[in-house]
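Step one of this worksheet: look at the structure below.
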Amino acid sequence: MLKIKKVAIDTEPENTAFLSRQCRVYRAEEFRALKKIEISSDAGGEKHSILATLVIADDAAIVSPDELGLGEQAFRRLRLPEGASICISQAQQPKSLDAVRRKITGEVMAADEIEAIIADIAAHRYSPMEIAAFLIASASFTTTQELLATTRAMAKTGAQLKWDAPLIVDKHCIGGVPGNRTSMIVTPIVAAHGLQMPKTSSRAITSPSGTADTMEVLANVSLSIDRMREVVHKENACLVWGGHVNLSPADDVLITVERPLAIDTREQMVASILSKKLAAGSTHIVLDIPVGPTAKVRTQGEAVRLRKLMEYVSGEIGLVIDVVFTNGAQPVGRGVGPALEARDVMAVLNNAPDAPADLRARSLLLAGHVLDFDPGLRGGAGRARAQELLDSGEALAAMDRIIDAQGRASKTIRPGELTAEIIAPRAGHVTAMDCFRIARIARLAGAPMDKGAGLDLFKKIGDPVEKGEALYRIHSCFMSDFDFAKAMAAEEAGISIDAAPVRESMSS
């Protein structure tokens, strides 16, 4: 038996184990060929087991000859204390990989095969290379029945929330537009109206901020399922990080491989979104699809195809969905990055005179669609009701109660103190904004790792610009991040300026 030791190395998403070359129990060389081991223990009569990638260590400071070191992810997933006794053995490849190999050759997978694959991925039995093989094979072609099976299997793994109310509403945006923090305004509006909206949101992976990152500026978002239920029961809604309540965990694993490979098919997007909504116990969903030249969905035709697929799968798994197309040609609001976005959200909720008008308008549009699910409201009255709740301050009061119920943030996070303004090289009008590049500059500035990092936008499409006038301000908290962001912005700011103003109306 070996004793486990926690090694403070982040190996996300993989499980990694460290074995001394001088190990007294196992010959390290015998385990090098397959590189993957199974770690197991029957401590306390309960079976604990994980698969991990093996690394041979020659430094006794990392792991001694009678220890097995576990990286942070492996240690957390094994759920045993340091010093616990474990055994290791050569890991067997998951049987579900046979179905992946057949998929690569063009065969259609059965529902039980997909369920086994998703279960193995959620249990971290697949390496990133094996996950990539599954994703690429599925991206080549996925039948409607395979998509349905994948969505159901992903929802089945992890927690599945159930609620007492017959109507559980949600709102989701497919992403790709910086600053689009409408969920943090829609949720308190809906809560103030009286519908239940247990909003689980993601953290950013490649964007400058996710809803959970921005909400964390104001309140605790890492709630347990029981605590989440208490908040919703008391306040009608919550805004929490979905990863902490373990909804569709296979999706979180898949995303870590999808994003670096830029794999983002319609089918994978549908399975990702709808599996999480099904697991969260939602019954009625408003889905925001921003459409724009640098957004995730770039044409109206593409948006319609995605809408039809969402509607079909939602109907098959018992969800009511209302798909809304919005303008994805430019960022929403002024802030890009957690603290700056939180500032914009609270300005809208406070009805501040300088609150971003586009963020307010889009939030009211989407909140209206959510409220239209209420059978007690006359059809089409949702938008007016949403504005009434926002204008009266009831939405702000609901947000304050949600923040207090989740646990108000102990300190105020302010924009980063390292600042630089990116100026216009010529006079004219803003004719285009590159959402992808603006998001990337904000991320290089340090967002979302540093909550105060990001961009403060001063101009939008159609605005006049003088030569030398500031287009936006970079905020950073760390000098190297600051330099990276400035260099990218100097190379290409992500804002196009032409002499003639843009003719197209930029509505919400």
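The values are calculated or read from the model by the stated rules, or taken from the named source; none is laboratory data. Nothing here was measured: the structure is a model prediction, and the numbers come from that model. Cβ: placed from backbone, ideal geometry, glycine included. Neighbour counts: every protein chain shown.
Yes or no: residue 62 touching a Leu at 6+ places or on another chain (Cβ under 7 Å), over 24 Å from residue 121 (Cβ atoms) and either among the acidic types (Asp, Glu) or not assigned by TED's automatic domain parsing to the domain that holds residue 244 (or both)?
No; evaluated as a whole, the condition is false for this residue.
Among the helices (runs of 4 or more DSSP H) confined wholly to the range 364-483, which include 3 or more residues that are surrounded by fewer than 20 Cβ atoms within 10 Å (Cβ to Cβ) and in contact (Cβ under 8 Å) with a residue 60 or more places away in the chain?
Output list reads 394-406.
Considering 2, 19, which residue is in contact (Cβ under 8 Å) with a residue 24 or more places away in the chain, touching a helix residue (DSSP H, G or I) at 6+ places or on another chain (Cβ under 6 Å) and crowded, with 19+ Cβ neighbours inside 10 Å?
After applying the criteria, what remains is 19.
Which ones in the range 149-172 are out of contact with any Ser or Thr (no Cβ under 7 Å at 6 or more places or on another chain) and within 22 Å of residue 297 (Cβ to Cβ)?
Those that are out of contact with any Ser or Thr (no Cβ under 7 Å at 6 or more places or on another chain) and within 22 Å of residue 297 (Cβ to Cβ): 150, 172.
Mind checking which residues of the range 208-222 are polar (S, T, N, Q), surrounded by fewer than 23 Cβ atoms within 10 Å (Cβ to Cβ) and touching a residue at least 24 places away in the same chain (Cβ under 8 Å)?
If the condition is that a residue be polar (S, T, N, Q), surrounded by fewer than 23 Cβ atoms within 10 Å (Cβ to Cβ) and touching a residue at least 24 places away in the same chain (Cβ under 8 Å), then 220 is the only one that fits.
Only one residue in 253, 221 is assigned to a helix (DSSP H, G or I), hydrophobic (A, V, I, L, M, F, W, C) and touching a helix residue (DSSP H, G or I) at 6+ places or on another chain (Cβ under 9 Å), so which one is that?
The unique qualifying residue is 253.
For residue 8, only one of the following conditions fails: (1) surrounded by 15 or more Cβ atoms within 10 Å (Cβ to Cβ); (2) touching an Asp or Glu at 6+ places or on another chain (Cβ under 8 Å); (3) not in a strand (DSSP E or B). What is its number?
Condition (1) is where residue 8 drops out.
Looking at (1) in contact (Cβ under 8 Å) with a residue 40 or more places away in the chain; (2) over 20 Å from residue 246 (Cβ atoms), which one does residue 12 not meet, given that it meets all the others?
Only one criterion is unmet by residue 12, namely (2).
Could you give me the residue pairs with C-beta distances under 7 Å whose first residue belongs to the range 331-347 and is in the same structural domain as residue 398 (by TED's automatic domain parsing), whose second residue is of a type in the set (Lys, Arg) and part of a loop (DSSP other than H, G, I, E, B) wherever it lies, and which are 6+ apart or on separate chains?
Filtered contacts from the range 331-347: 333/181; 338/451; 339/414; 339/451; 341/181; 344/181; 344/334; 345/181.
Tell me which of these residue 281 doesn't satisfy, since it passes every other one: (1) surrounded by fewer than 22 Cβ atoms within 10 Å (Cβ to Cβ); (2) in the same structural domain as residue 337 (by TED's automatic domain parsing); (3) over 15 Å from residue 202 (Cα atoms).
Going through the list (1) surrounded by fewer than 22 Cβ atoms within 10 Å (Cβ to Cβ); (2) in the same structural domain as residue 337 (by TED's automatic domain parsing); (3) over 15 Å from residue 202 (Cα atoms), residue 281 breaks only (2).
How many residues are outside any helix (DSSP H, G or I), touching a residue at least 12 places away in the same chain (Cβ under 8 Å) and farther than 22 Å from residue 369 by Cβ if we restrict to the range 258-297?
Here the count works out to 5.
Which residues, counting only those in the range 11-58, are part of a strand (DSSP E or B) and either touching a His at 6+ places or on another chain (Cβ under 9 Å) or at positive phi (or both)?
Answer for the range 11-58, where residues must be part of a strand (DSSP E or B) and either touching a His at 6+ places or on another chain (Cβ under 9 Å) or at positive phi (or both): 39, 40, 41, 50, 51, 52.
Name every residue in the range 166-208 that is within 19 Å of the chain's Cα centre (by Cα) and at positive phi, in order of residue number.
Passing the criteria: 175, 176, 179.
Any idea which residue in the range 230-257 is farthest from residue 212 (Cα to Cα), counting only those that are surrounded by fewer than 24 Cβ atoms within 10 Å (Cβ to Cβ) and among the charged types (D, E, K, R)?
234
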